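See below for the structure under consideration.
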Amino acid sequence: MTNSDYLWWRDGVIYQIYPRSFMDSNGDGVGDLPGITSKLDYVADLGVDAIWLSPINVSPMYDFGYDIADYEDIDPIFGARADFDHLIAEAHQRGLKIMMDLVINHSSHLHAWFKESRSSRHNPKADWYIWKDKPADRKYPNNWASAFGGPAWEWDETRQQFYYHMFLKEQPDLNWRSPDLRRAVFGSIKFWLDRGVDGFRLDVVNGYFKDAQLRDNPPRFTLNPFTIETQRQQRIYDCDQPELFDVYREFRALLDSYSERGSVGEVMSDDPKRVASYVGKDKLHMAFNFGFMHQPWRPLAFQQAITAWDSAVASDAWPCYVLSNHDNPRHVTRHGEGPFADERAKVAAALLLTLRGTPFLYMGEEIAMRSPRLARNDLADPYDKQLWPFHKRRDSSRTPMQWDDSPNAGFTSGAPWLPVGSNNKIGIAAQQDDPNSVLNFYRALLKLRRESPGLRRGKFHPLIEKPVTAMLYLRETEEQTMLVALSFFGHDTLAPLPAGQWQRRLSTHPGGVISAGTLTLAPFEATILELNKV
């Protein structure tokens, strides 16, 4: 593969920014678009290809942007449309693509569409949301539950009907069976494509359609007494409906009518076959396989997740991988922190960036940011608040970016909207000039990946069938064979080395031993070798 074959969403690396927490330019304690623009040189120097921005549309922020009140404007807390246009122009000048978050399963209850829809059963937008009469024989139209707990139906006095909300009651679900609603949403998507947006991350992409008969979900057995209602149901009627695929075909055709646009979907499932069904030539470009992210720190667990995902994705589709995001504790914290946290972070980086598929990095992952423990009074997220103390994952992943060791880690001159993590020594400034830092290991990995067709597009071939302490795998194209060796634990490991002349390209332990047939791995070593082809 030559550089002329390079396609950003397939061969590149995508960097997720949670705008509220990246960089604050005006001292109000909330990150904004000018703040992101001011740090584009840092992002470009890191070596990624694109930025995915969590929601920046107008929103009352009941769910911090995932409740959109205007699909075609920017919330003033982040700036203005002119600020976004400037960000796109500056990003493109640096060779960076921009992806927006597309939240079109639901809107805000303050969106003009919903205000009209709830005003009357005879309004032209009456069917733009999911309404249902009060049943005579039960309290709610069906047993569907909100993902944030409690019933998914809210009574509206004006219409004298229930409306459906998969999440908060302030987030009514759009009715994708309405042709007029569908046209309006696609008009908003085109609005941003025409402004230069390069792609979209689609929120809860398998939820757009619900069963036309609104049938009850059957029960799901669980031994965990603390699960919320949605986890006690088999969700076969409130998502994954066949009508979805008509929308994807139209969406993909729209993106394909522009040059080099890309998409990735958030599918509410850990089942690789189910997730893979949403990806392909007339569907989404990619979809997140969260089953990989949720694995324990064991090589066999990761390898099984990788092979299952690799085999599930069809030949006309492309996988992607993620270890951290805005909805889950950062992987450094999930995997135990402790004295070897940075060493594990480098192994995780080598794993994520050498698989067959597009890697997504979450801001701060490149400096091994932790997810701090937050006091109950510090929480902002409605989901974390509602399920406290049994759910503590979203706010802890959204704490401000740690730029330096100044007050508030250089994120803001004001009071940050969430507390900054306590360990400022992991900040970017502290790692910038340290050749052994996690940050500089990421930079070297990203550079090697960009230079290596084997790492970008090669086949994945594990070398140990049931790895216990270390993972070894090949990434092979006709022109290049790369070997990735990852030691997961704190002791030396002997690993089998295929025949041939191997050259060390990158390693956390560059002085390690390579001998005929055997590779000796130090504790928490990550090493990438290339086969010298004669």
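Can you name the residue in the range 312-340 that is out of contact with any Gly (no Cβ under 8 Å at 6 or more places or on another chain) and in a strand (DSSP E or B) and is also modelled with the lowest pLDDT among such residues? Among residues in the range 312-340 that are out of contact with any Gly (no Cβ under 8 Å at 6 or more places or on another chain) and in a strand (DSSP E or B), the one modelled with the lowest pLDDT is Asn328. Report whether or not Thr493 is in contact with a Leu (Cβ under 9 Å, 6 or more places away or on another chain) and without any contact (Cβ under 8 Å) to a residue 40 or more places away in the chain. Taking the combined requirement at face value, the residue satisfies it. Every condition in (1) at pLDDT 95 or above; (2) in contact with a Pro (Cβ under 7 Å, 6 or more places away or on another chain) holds for Val420 except the one numbered (1).
Residues are listed down the side, and each one gets a yes or a no for (1) more than 30 Å from Leu448 (Cβ to Cβ); (2) not in a loop (DSSP other than H, G, I, E, B):
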position	(1), (2)
Pro60	yes, no
Phe64	yes, no
Asp67	yes, no
Pro76	yes, no
Ala82	yes, yes
Leu87	no, yes
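Listed residues Leu519, Leu494; which is assigned to a strand (DSSP E or B), closer than 20 Å to Ala348 by Cβ and modelled with pLDDT under 95? Show your work before the answer.
On the way: Leu494 fails: closer than 20 Å to Ala348 by Cβ.
After applying the criteria, what remains is Leu519.
Identify, please: which residue in the range 450-465 is outside any loop (DSSP other than H, G, I, E, B) and within 24 Å of Leu300 (Cα to Cα) and is, among those, nearest to the chain's Cα centre (by Cα)? So, considering only residues that are outside any loop (DSSP other than H, G, I, E, B) and within 24 Å of Leu300 (Cα to Cα), the one nearest to the chain's Cα centre (by Cα) is Arg456. Summed over the range 371-399, the residues that are more than 17 Å from the chain's Cα centre (by Cα) and either part of a loop (DSSP other than H, G, I, E, B) or outside the structural domain of Phe64 (by TED's automatic domain parsing) (or both) give a count of 12.
Of the residues making up the range 11-56, those that are part of a helix (DSSP H, G or I) and either aliphatic (A, V, I, L, M) or over 24 Å from Val103 (Cβ atoms) (or both) are Asp11, Leu33, Ile36, Ser38, Leu40, Asp41, Tyr42, Val43, Ala44, Asp45, Leu46.
Meeting the requirement of 1 or more residues that are among the hydroxyl-bearing types (Ser, Thr, Tyr) and within 25 Å of Phe167 (Cα to Cα), the helices (runs of 4 or more DSSP H) wholly within the range 238-311 are 244-256. Taking the criterion of being among the aromatic types (Phe, Trp, Tyr), surrounded by 23 or more Cβ atoms within 10 Å (Cβ to Cβ) and not in a loop (DSSP other than H, G, I, E, B), would at least one residue in the range 115-129 satisfy it? Yes, that holds for at least one residue.
Taking the criterion of being under 21 Å from His122 (Cα atoms), assigned to a loop (DSSP other than H, G, I, E, B) and in contact with a helix residue (DSSP H, G or I) (Cβ under 6 Å, 6 or more places away or on another chain), the residues of the range 138-162 that qualify are Thr158, Arg159. Whenever a residue of the range 517-534 is in contact (Cβ under 8 Å) with a residue 40 or more places away in the chain and within 9 Å of Leu486 (Cα to Cα), its partners that are assigned to a loop (DSSP other than H, G, I, E, B) and of a type in the set (D, E, K, R), lying with C-beta atoms within less than 8 angstrom and at least six residues away or across chains, give the pairs Leu521/Asp492. If you go through the range 175-216 and keep only what is part of a helix (DSSP H, G or I) and of a type in the set (Asp, Glu), you end up with Asp180, Asp194. The listed residues are Val275, Val247, and the only one of them that is assigned by TED's automatic domain parsing to the domain that holds Trp388, hydrophobic (A, V, I, L, M, F, W, C) and more than 19 Å from the chain's Cα centre (by Cα) turns out to be Val247. Residues that are within 20 Å of Ser487 (Cα to Cα) and modelled with pLDDT under 95 within the range 341-375 are absent altogether. Of the residues examined, Ser38 is one that is surrounded by fewer than 23 Cβ atoms within 10 Å (Cβ to Cβ), out of contact with any Asp or Glu (no Cβ under 9 Å at 6 or more places or on another chain) and either without any contact (Cβ under 8 Å) to a residue 24 or more places away in the chain or not β-branched (Val, Ile, Thr) (or both).
Among the residues of the range 407-418, which ones are surrounded by fewer than 17 Cβ atoms within 10 Å (Cβ to Cβ) and either within 24 Å of the chain's Cα centre (by Cα) or free of Cβ contacts under 8 Å to residues at least 40 places away in the same chain (or both)? Pro407, the sole residue that qualifies.
Which residue out of Ala44, Ala50, Ala89 is of a type in the set (A, V, I, L, M, F, W, C), modelled with pLDDT of 95 or more, over 21 Å from the mean Cα position of the chain (by Cα) and assigned by TED's automatic domain parsing to the domain that holds Lys385? When all the criteria are applied, what remains is Ala89.
Listed by first and then second residue, the pairs linking a residue in the range 243-260 that is basic (Lys, Arg) to a residue that is not in a helix (DSSP H, G or I), with Cβ atoms under 6 Å apart and 6 or more places separating them unless they lie on different chains, are Arg249/Asp282; Arg252/Asp282.
The values are calculated or read from the model by the stated rules, or taken from the named source; none is laboratory data. Here the structure is a predicted model, which is why all the values come from computation and not from measurement. FYI the Cβ positions are ideal-geometry reconstructions off the backbone, even for glycines, and counts take in every protein chain you see.
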